[in-house]
Structure formats: structure tokens, C-alpha cells
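Taking it in order: structure first as C-alpha cells, then the write-up.
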Amino acid sequence: MAELVARTPCAGLLPIAGGGVRVTEVDPGPMTAIAPFRGKEKTLAGALKRAHGVGWPAPGQSEASGDLRILWFGHSHALLTGVAPKPTLANHAALTDQGDAWAVVQVEGAGTRDVLARLTPLDLRDGAFPVGACARSEVQHMQAAILRVAGDAYRVMVFRSMARTLVHDLQVAMRGVAARG
Amino acid sequence: MRIPCPICGSRDIREFDYMGHAQALDRPDPGAGAQAWDDYLHNRDNPAGPTRDLWFHGMGCGAWLVVERDTVSHEVTGATLARDVKGGAA
Amino acid sequence: MRLDKPGQIDRTQPLSFTFDGREYSGFAGDTLASALIASNVRVVGRSFKYHRPRGVFTAGSEEPNALVTIGQGAAAEPNLRATTSELCEGLVARSQNRWPSLDYDLLALNDLFAPFLGAGFYYKTFMWPAKLWERLYEPFIRRAAGLGALSGAPNADHYEKAYAHCDLLVIGAGPAGLMAALAAGRAGLDVILADEDVRTGGRLNAERIEVDGRPGADWAETVTDELRGMGNVRIMTRTTVTGAYDGGTYGALERLSPEVAARTGAPRECFWRIATRRAILAAGALERPVAFRNNDRPGVMMAGALRAYVNRWAVSPGKTVTVFGNTDDAHRTAADLLAAGVHVAALIDARPEAGTDLPVRFYAGAQVVNAHGRGGLEAISIATLSGIDKVQTDCLAMSGGWNPTLHLTCHMNGRPDWSPALAAFVSRDGAVPGLLTAGACRGDFSTHGCLAGGLAAAKAVLKDLGKRARATDLPVAEDAPYRISPLWAVPGKGRAWLDFQNDVTVKDVKLAATENYSSVEHMKRYTTQGMAPDQGKNSNVNALAVLADATGRGIPETGTTTYRPPYVPVPIAALGAGAQGAGFAPQRFTTSHDLSVEMGAPMVEAGLWYRPGWFPREGEKTWRQSCDREVGMVREAVGVCDVSTLGKIDVQGPDAPAFLDLLYTNMFSTLKVGRARYGLMLREDGHVMDDGTTARLGAHHYLMTTTTAAAGQVMKHMEFVHQCLAPQMDVSFISVTEQWAQFAVAGPKSRDLLNGILDDPVDGDSFPFMACGAVSVMGVAGRLFRISFSGEHAYEVAVPARYGDSLFRLLVDRAGELGGGAYGMEALNVLRIEKGFITHAEIHGRTTAFDIGMERMVSAKKDCIGKAMAARPGLSGPDREQLVGLVPTGAVKKLTAGAHLFDAGAEAVRKNDQGYITSAAFSPTLGHFMALGFLKDGRARHGEEIRMVDHVRQIEARCRVVDPVFFDPEGGRARG
């Protein structure tokens, strides 16, 4: 019997490199949106700690434990990546599978911040956006999430359907940065 | 122009959508009558000076904000989550 | 001519370039202007209105005369200032506003007609007859006036936009800006230091001024090196801050150096949006011309610019130079010329008390009253107490004093104050929140004043931000007082220019005053003085001083016009950078995109999405053939269509049922788990916002669908309703549009097709009409909905998006085996019109639930958004245009969307309008055209013959009003 074949959002588009920057597709594993029920924020934080060893992320922050990460992802929700949520979390929060909704790329290298400065109005200076910071903002015209994973490495997420536009916009910005030398 | 989102911090205006005066928070009762509904939907003051209006941080955290600003100087003096304003009023 | 002194040019790097087709050469470090001066080119352009020959006038971005076109073909850029254009190898420049050539310009005749081309000549000359405007006046004005022209070809150059953030933006890197950046940088602030020049130093590069006992430019270089070494300071040269905006946001235009811009993929310019906590404006000052007869002759230029050419670029625009001014700057200019070995024929100081030790012919209390020489300056006339002296000279340096460059302080409606001591406007503190001024732009004209002002401003910022200042010594520099005796316009006959760029003379301003355009803003518009790129840089203060004089008021009472952004012209290409071609808007692709393209489907835009129009098969020559076949496939066998673009919103929480009841007109709290229901959503004003099916997946778990077009709007609306109206509700929701690839499988054989891929087959009992639930699709956890937008027995099957491509290929393949296949948007549209299903063509924002025949869906048992206002008088009743179906009955068989409806015998004019058609298509099922539309009291008029007139396409047809459901009105096919 035939079977369904999985395809990643950026299949055939990445990797690309230029201007001291390299862009690769990231498979973050399962991704689940977690939105606490009313008044359950505290018990959810406890349940998260017990189930996955991470707490509820403060606004603009993320927490990691091995391959598992929890990202602050909006005014009342977080995104758990790298692991399927333990069912106990459903007692405290709405869980929604987002594992196929996002294109996730890693942008890294010395010129990364210069490239991103051409795409997002976000303040990416060390003081405002240290390693571990996670923000929702726009990348060119797209709703996006940006996560700083290391000194010169950022993850950029846009909706899956816009993967091609993200790669295009990154490419244009990288060419401009590369040309300045 | 920048707006101090209570959740995300100071952000460029391009991340926000404007809706209008914060009066939109005060939805009348279903049976409040035509005048109340007309006022709620259509009638707005046009102040020269401080005002409060609703902005949606759609390109950011998704929160609706009540932004206090001055229509003369364009100064933005504060922003509060609409759900907190609403919660406080209730 | 090039002088025999070092200057800031690199003589080891000669560069060749052309101007108007002739070859010249210069050196690295030259601007186009300095290289032209070195090559003894005196005339560089023709003036805007009178086509007078003009020469280089300044050495900066305020240049009114030396506007040239650089580059060739599509890459040619007009109206660039030669004074700020860096010379590079192979540069091609052309003069502008001359025909056929710079030396021989036929339109110089305009100069003879000058009496007719004075202030307001547009208004006076081209009054009537009006019909001559298009054919005669406008082409004439376009030919006669104006500067460079665009190539008309698409611009292939790259432009960039970018964002920057800092604690302190220092605007201008002269002595004041450098000092401010140094103190702030040492104290640890994140500093951006921006300057429009290619190097830092400002006037220190143009003067023979010492700082701390060494040449000012050397001091600037040392400070710049220290700043470069700081990780917290970013120096942006070639960057003009163009505007001050709310909340500490500044716009800045960066020109890339010609070498960088020539590289593959390199931008030509980058528009920066800089967000900063504080700013220090250290933009310096601009020198004022003096108005006297023929002061626009090539060879007359600003004294400060002449010093820059002599000291920085080692060129002199003349062999025999004269200097005219009303401050000590005239003396400084003469001294610099003498030091460079240039002959100074006369020094004229308008101040009677002035004296000099310089070995030059000196006039005190005298004025230049005329400049002679048609193609370029040959002599000047000087009025002295004893009469007129004529002095031979090929270059006159003039200085009327300095205007602080306060433009940015006025960008947020700030008004400057008049300083009688400086005879200039100075900015008011606090005019732009968070911005301080320092140095010459504050009216501190000495080098010491600039250095001290920069340091003081930085300290004030540090204190304000709670940062500790580190010890920074104030360097020693000259602190000469500024002594000026105001001189705006030398009295006398003839035309004396105020605004060189817009060809406005003293006479024009006086004429404006005579004709009662005495407000400064009116005078500006009547004469065009200070308009356009000039933004009053050279001419403003002189013009309003002349106006003040003509109207018998003082300068403070006369006031100044408004300085607006941008400070220098910003190409639209830079403002809109990144938004060309594929960057215009995000392109959203479904998982079925690749196969659709492989199958030859034309992809059509639906919002940001791309969806297949139809899937052509061999032998099909028109889209209609493909569309008709696809409709038949769905009605007779099975069709497959990607519906992933519809918005899908996952709604969870104990209050999810109540929340949906508030959002929708109808009840969702009563919906059974495992069932879906059609829902209608209103705006608060009572009009329809959107519709779609919502499935109940669990007691507290729903999956809403929205239309493709309204997905974003509905999400925002839900956030509003929850956060702003009902924050007490315990509900959360999130878009899952992108999570699922969802395909409609429609037609009598849809269940056969599905059961071939579902791990557990479904039947009528387990999956009746409007059922929904989890299914396993070839081992993958998916969802199945038995809903129909075609009127057929149909399903929508969803799998996680990663499997979308694979599932779509499989479904299309299997559908083919069953006599079906993929169908596109055209067929989908025909299918839904046959069933009378609405889309945003019908719910276009002005229709109510009543209009579309769904008023019974507004539940009486509960409140909902829009319910109160939907009950307003006028939103229901026989006067409303109501949804109807239409079929052709006359000789013309075609119906068109957009056409209007009239009573059968009525004239097709607006007052007889009875409604309009929103959707129309040929129905292969019915064998004729059909349409949906809105008709006044339409539901009561079924059976009536009316008239359709499409005024745009010139189509008229008779048609009959029918029920909007054309096919299977009982709905048995979908239920069966």
C-alpha cells in the first residue's frame, strides 16, 4: 500500500549562504501551542516543570532543556517545541498542534544581525535581545517569531505557506549585506 | 511613532493596527436602545489633546491595547492591555 | 584649476569621467563638482525657469545649481547634486534643462521673456481658454521648466531599507557632533553618529582651523579612530538624517560609495529608520548668499564653499578671485586664498568699520552691485562712497552670514526664534522631544563653541539617561566672535536672485507683497521660493527679509515657512525598497501548488494565496471547456479541490460554546459533538462579516472555518470580542490554517474515493451529512468533515500539512481512476452558484442577514455581535435589495457580474436602478447562464421578467427572477 510522504516547509529552498550568513531549515520536532485556562497559569507552570522540566516563559523569553524548548509566543500562549506535550497539561491549558504550521529556519554567522536589520523593526541589540529572547514581530511583510539561540544565531519562523517568500527576502537582504563586504 | 506595548515593550507603529476611540470597549446592553447603540458605534468626540484609543498588536503579541496619546503633540503617554481596562471596569 | 597643495585627495589615484560627453579627469577624494572645477568647467547647468547658465554654487547638499544626471539608460538618475556625488572611474554625467546643448540652449529665450515669467506667471498667463491647457500650455511648461528627466525604463538598481536602534543619535560629525559622540561613547551609550559627508570632520575639513594645536581635520581623524574602536559607537558616513518623527524615530538616507554600489546585488541607497532614546542635532549651519544684480552668474559662489574647494580639494574656481561679505568670514576666505597662492583682486566688506591687514585691495562699507559676463563671471561692479568701481574677476566668493541648520527641529511643528545678534533663526529647545542641538546649528559659530556645545549636550543626555560621564577634556580652539551687519539684498536695478533653484528674484517677492501675498506661506507658494528639494536651504531667510521689508514688518513678525521632511530628496525606490517584484507582498502557497503547476493549472491570486483556476486536459482549448468538464466530474463522479486556504481557527475552553454564541448569529452551544454547522457572523453594525462551518470536536473544543479572504479580519475580530468585550470568558483560540492541508472530495463517488485511503471506511451511518471527526488517513492522524460547498455528497479531509503534497497527488490519481479529477476555482465557483451558496461577492460588506435570506439565523434566544443594530429600521424590509437568482430569457444568453438591474420597461439610468448582479457563470449542469444578485424586494418578485444592463461591457439581457438555488433545491444529493 502507498503511504503518505512528509515534506518540510522549506524543501528545495535551503540551505543558502552569503554575506557571512548561512540559512538552514530547522526541524524543531513537535510544536504545540499552550494557552492556559483562566486562573490555571500557576498550576500549568507547575505541571510543565514536572512534565518537561521547563517553566512558563516570561514575555519575550524562552526556556530550553536539551532539545526541548518553550517559547513565549503571544499575549496568552507559549509554544512547546521538541517534544509532544504530556497529556496532563491538557488539564490546565488548551493544547493545539502547530507542528506543521510554521517554517523554521536558522540564520547564523557574523552578518546575521545586519541581515535581520533589513527585515525586522525589532531591536536586536544584545541588551534588548539576549540569547534566549523570543519575540513576535514582522519580517518584511510577514508575521514572524524570532528566537535568539546563540550569539550569532537566530531562528526565524513564519507561516508554512510563506516559506518561499521568507527565503526570498532573506536572500535579498543577504546580497545587500554581502556586497558591502 | 512607537507604542509601548505592555507585553512586548516599545515597538514600531508598523506592528499595530488602529481601531478608534476606546469607547468601543463600552458595548451597550442589547436592549439599550437605538440612541445608545448609535452613540457606541458612530458618534465620537474629536479632542485636541489627550485621548485614549484602541490599537491591535497584530504583528506582535496579538494584544488589544488602550493607548493614551495627545492628538496635538502626538505624544504617547501610556498603554494598557484592553482586557485589564475592561476587567478593572467590570 | 587644481592648486599645488595637498588637500584631501589622492593624487596617486587618477579617475576619468565624462560630462556632457567630454572626457575629464580628477582624483580619488574628489566630488564631481571639485573635479569639474579642477577641469575649469564653469557652466554646469541651466536654471529652472529662465535657462540661465549656472555654475557650482556650494560644496554640499544645499547645492541649487549643479544638478546633473548621472548614469546611463535605465540606471540614469536625474537631479543629483554634483557637490555630493563622489567621483569614480568611468562616471558619466550630463547637464540638465538645456536643449540642444549646455552652451547653446534655445530656451534661454525664456530669459528675454523674463518680464512675463515673474511670480504667479502660471496663474496669470495660462488662465484661458481652459481647453488649451492640455494641448498647449502644459506641454509648453513641461518643456520649458523642470530639471532632469527619468529614463522611463524600469529601474533595475537595488535599494535597501533597514532599521537601527540606539540610545543616542548624533546628527552631524563636525566638531560638535564628534565631541558629543566621544563623550557619550566613552560613557557607554549606544551611539549612532551620522553624517552626510564621506568623512567625519564637517567644516574642519574645509577650514585651516587648529584644534588642540594641530590641523582640525587631523584632530577629527584621531577622534574618529577612537570612536571606531568602541563597540558601542556606529559611524554612518554618507548618511543624511532626513526627518524627525514621533517617538524618537528618525529617517536617514545612506548613499553607498560608488565602488560598493557597483558590486553585484549591492544597493545604491539604503533608507534607515532609526529608533533612538535621545538625539543631538549637530548639523552645522548653511551660508547665506547676498542678493545683488546678476548674482547667479557662473563664477559667483558661496565663500565657505570656496574655502572648502581650496583647502579640501585643492582646486580654485578662479584665477583672479574677489570676496564680498558682511562678516569676518570674508577675511578668512581671502586669507585662505592667499595662503593657497590664489590671486585676490579685491576684498569687499559691507561693514563700514571693518579693517584688514591682508595684502589685498580692500573696500570697507562697500557693496557689489552687479556681476558681468554672460557665460561666466568676468567683472563685478562695486558701489563705494565715491562711486562705482569695476574690478575684473572670474570668481566672486560671497557671504551673507550663516543660518543654523535647524530644519529637523521644525519637522514636528516646531517654530524657530529670531536672533537679532546672529541675524538668523535659531531653534527653540524641546521643539522635538528628546532632541538637543549643539554647535553651529544652535548658533555657536566658533570652533570652541561647537566643541563645548557638543560636550555639554552629551553630558545633558547622559544625566538625563542616568549615565555617568567619563572625563573628557575640551580641546583648545579658536573662539572668534561673530560680528554681522545684516545684508539681504543690495538695492539696485535688475534681477537679483534669492532662490537659485526655483529662479526667484527679489522682484518676485516684492511683486507677491504688492499683490497682497504678504503672508510668508502665501508668498512661498506664489513665487515657489524655497519649494521642492531646496526646502529653503539657501533662500529662506533672505526671501522673508525682503518680504518683511516690502510689507513694513520685522522679520520675527513675518516669520518663516515650515520646514518639512525630507531634508534632502529621498528616492521613492529607497522608501519602498524590498517591495518590488516578489517582495511586494508575501506569496502564500498551498501544499498542492507543485502538482497544480505540474498539471498546467494557471494559478490565480486569492488574497495572498495562489490557487489553481482550472486543470487543462489535452484537447481543451479554452478555460470554459476545462471548467465545464470539471463541474461535470463533480456532479457525476468525484472531484478534488484544495480548500486549505480557508481560515481555520481552533477554539477551546469552558466558555468556548458561549463565546461562539456571541460571535455567531446562530447557536453553537447546542451543536452536538461530532457535528458541524453553518454559521453566520455579523459586524457590530448589523452587516454580514463572514460565514463558514464550525465543527464541534469536543465539549469545549470547536474548529471554526472562515472564508479565505476574511481569515485575518475574523481572527482580529475574535481577539477584539474576547479581550475588549468579554475578557471574563475562559476561552482561547489560535489559527490552525497552516497546520492542516485540507481537500474537498466532492461527488457521487466521493465516499468510494475516501474509503480507499481511510484506514477505517466510513458509511452513511457512521458519517452522515454534517458529521465530523478524527480519522486515520493511511496511518496519519487526520480529520474528516462531511460538508459540501458543491451540493454533492462531499467531504473535506485534512492531514497535517507536511503530508499535503503527498495526499493531494494520491487523491487526484485515485479520482482519475473513478472518472474524476482535480477541479479549480472556476469550477468551484460554478458549483456554488448552481447551489446559491454565497461568497464575499455577495457578503461584500453592505448586505445584512435579511438581504441574503438568512434573517431566521439570527437567534432570538441570545445576544450576538451585530444583533442590536441589525434590527435597525432600514436594514430589513421590502426596500432592501434581496438575494435572488436570475436566468436569461431573451436573445442575449449571457449574464455578467457587475451589471445593474432595471424593470423591464424602465430606462437604464441610475434613478431606475433596482439592484445588481454579484456572481454570474455558465452552468453546464443547467445548460445556460445563471446569476446571483440583489434586487429590490427580490424575494417577492420571483417569476418577474426584468432587464439587465452592463454599461461597462455594453451587454443587455432580459432575465427572469428565480430562487437563488438553481440546482437540487431539496438538497437530497448532499444528504444522500
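The values are calculated or read from the model by the stated rules, or taken from the named source; none is laboratory data. Source: prediction; values computed, not measured. With ideal geometry, Cβ positions are generated from the backbone for all residues, glycine too; neighbour counts draw on all protein chains shown. Quick note on the areas: whole protein, heavy atoms, side chains included, nothing else; ligands and nucleic acids left out. Shrake-Rupley method; radii C 1.70, N 1.55, O 1.52, S 1.80 Å.
Relative contact order, whole percent, for the stretch C:469-540 stands at 23, derived from Cα pairs under 8 Å and 6 or more residues apart.
Averaged over the residues of peptide C:714-724, the number of Cβ atoms from other protein chains lying within 10 Å of each residue's Cβ is 6. The angle between the Cα long axis of helix C:623-636 and the main principal axis of chain C comes to about 40°, on a 0 to 90 degree scale. Taking every DSSP beta bridge that has both ends in the protein assembly as shown, the antiparallel portion is near 80%. Once the C-beta distance of C:R872 and C:T356 is scaled by a Förster radius of 60 Å, the resulting FRET efficiency is 0.10 to the nearest 0.05. If you plug the beta carbon distance of C:K5 and C:A421 into 1/(1 + (r/R0)^6) with R0 = 30 Å, you get a FRET efficiency near 0.25.
Checking the a/c ratio against 1.5 first, then a/b against b/c, what shape does the Cα gyration tensor give for the stretch C:290-399? Note, shape of the stretch C:290-399 comes out oblate.
If only the Cβ of Lys and Arg carry +1 and only the Cβ of Asp and Glu carry -1, the dipole of the stretch C:290-399 around its Cα centre is close to 280 debye. Relative contact order, whole percent, for chain C stands at 9, derived from Cα pairs under 8 Å and 6 or more residues apart. Ranking B:I13, B:P28, B:V66 by Cα position along the charge dipole of chain B, where only Lys, Arg, Asp and Glu carry charges on their C-beta atoms, puts B:I13 farthest toward the positive end. Restricting the trypsin sites (Lys or Arg not before Pro) of the stretch C:832-913 to loop positions (DSSP other than H, G, I, E, B) with no more than 14 neighbouring Cβ atoms within 10 Å leaves C:R846, C:K861, C:K893. Based on the inverse mean of 1/r over its pairs of different Cα atoms, what is the Kirkwood hydrodynamic radius of chain C, in Å? Averaging 1/r across every pair of different Cα atoms and inverting gives 33.8 Å.
Relative contact order, percent, of chain A when contacts are C-alpha pairs under 8 Å separated by at least 6 residues? This gives 26 percent for chain A. Can you give me the Cα centroid spacing of the stretch C:562-598 and the stretch C:852-917 in angstrom? The two parts, judged by their Cα centres, are 39 Å apart.
Equivalent-ellipsoid semi-axes for the stretch C:499-559 (Cα gyration tensor, √(5λ), whole Å, largest first): 17, 12, 9. The C:E557 and A:E3 beta-carbon pair, evaluated with R₀ = 60 Å, returns a calculated FRET efficiency of approximately 0.10. The Cys residues in chain B with no partner Cys Cβ within less than 4.7 Å of their Cβ are B:C61.
Here the stretch C:609-762 is treated as an ellipsoid with the same Cα gyration tensor; its semi-axes, largest first and in whole Å, are 34, 19, 13. Only helical runs count toward this figure. For chain C, summing -39,500 (n - 2.57) over DSSP H runs of n ≥ 4 and dividing by all residues gives -6000 deg cm²/dmol at 222 nm. Spin-label model, C:D157 to C:H844: label points 7 Å out along the Cα-to-beta-carbon direction sit 4.3 nm apart. Spin-label pair C:Q625-B:H74: with each label point 7 Å from Cα along the Cα-Cβ axis, the two points sit 6.0 nm from one another. Label point of C:A339 set 7 angstrom out along Cα-Cβ; within the stretch C:55-74, no amide nitrogen lies under 18 Å from it. Remark: mean inter-chain Cβ contacts per residue of A:121-128 equal 6, using a 10 Å Cβ-Cβ cutoff to other protein chain atoms. Each peptide in C:822-828, A:85-91, A:132-138, C:349-355 gets a packing score, the mean of other Cβ atoms within 10 Å over its residues, and the list from highest to lowest is C:822-828, A:132-138, C:349-355, A:85-91.
The charge dipole of chain C, taken about its Cα centre with unit charges on the Cβ of Lys, Arg, Asp and Glu (plus for the first two, minus for the last two), comes to roughly 1460 debye. The mean accessible area for residues of chain C, using a 1.4 Å probe and ignoring ligands and nucleic acids, is 38 Å² per residue.
The charge dipole of the protein assembly as shown, taken about its Cα centre with unit charges on the Cβ atoms of Lys, Arg (+1), Asp and Glu (-1) only, comes to about 820 debye. Going by alpha carbons, how many degrees (0 to 90, nearest 10) lie between the helix axis of A:163-180 and the longest principal axis of chain A? That works out to roughly 40 degrees.
In this rough spin-label picture, where each label sits 7 Å from Cα along the Cβ direction, the C:D479-C:D813 distance is 8.8 nm. Charge tally for A:P57 (other residues, Cβ to Cβ under 15 Å; Lys, Arg +1; Asp, Glu -1): +4.
Ranking A:A128, A:L95, A:V105 by how far each Cα lies toward the positive end of the dipole of the stretch A:91-130 (charges on Cβ) leaves A:A128 at the top. All other residues whose Cβ lies under 9 angstrom from that of C:R947 are scored, Lys and Arg at +1 and Asp and Glu at -1, for a net of -2.
Set the Cα radius of gyration of the protein assembly as shown against 2.2 N^0.38 Å, with N its number of residues, and you get 1.10. For the stretch C:290-399, DSSP calls about 40 percent of its internal beta bridges antiparallel. For a paramagnetic label modelled on C:D963 (point 7 Å from Cα along Cα→Cβ), amide N atoms under 14 Å away belong, within the stretch C:866-899, to C:884-886. Roughly how tilted is helix C:216-229, in degrees to the nearest 10 and between 0 and 90, from the longest Cα axis of chain C? With rounding to tens, the tilt is 30 degrees. At what distance in angstrom do the alpha carbon centres of the stretch C:258-283 and the stretch A:1-70 lie from each other? Comparing the Cα centres of the stretch C:258-283 and the stretch A:1-70, I get a distance of 36 Å. Under 18 Å of direct C-alpha separation, and excluding same-chain neighbours fewer than eight residues apart, C:K493 reaches these aspartates and glutamates: C:D111, C:D296, C:D389, C:D503, C:D508, C:D549. The residue among C:V884, C:M930, C:A908 whose Cα reaches farthest toward the positive pole of the charge dipole of the stretch C:877-975, with charges on the beta-carbon of Lys, Arg, Asp and Glu, is C:M930.
Residue by residue along A:3-16, Cβ atoms of other protein chains within 10 Å of the local Cβ number 4 on average.
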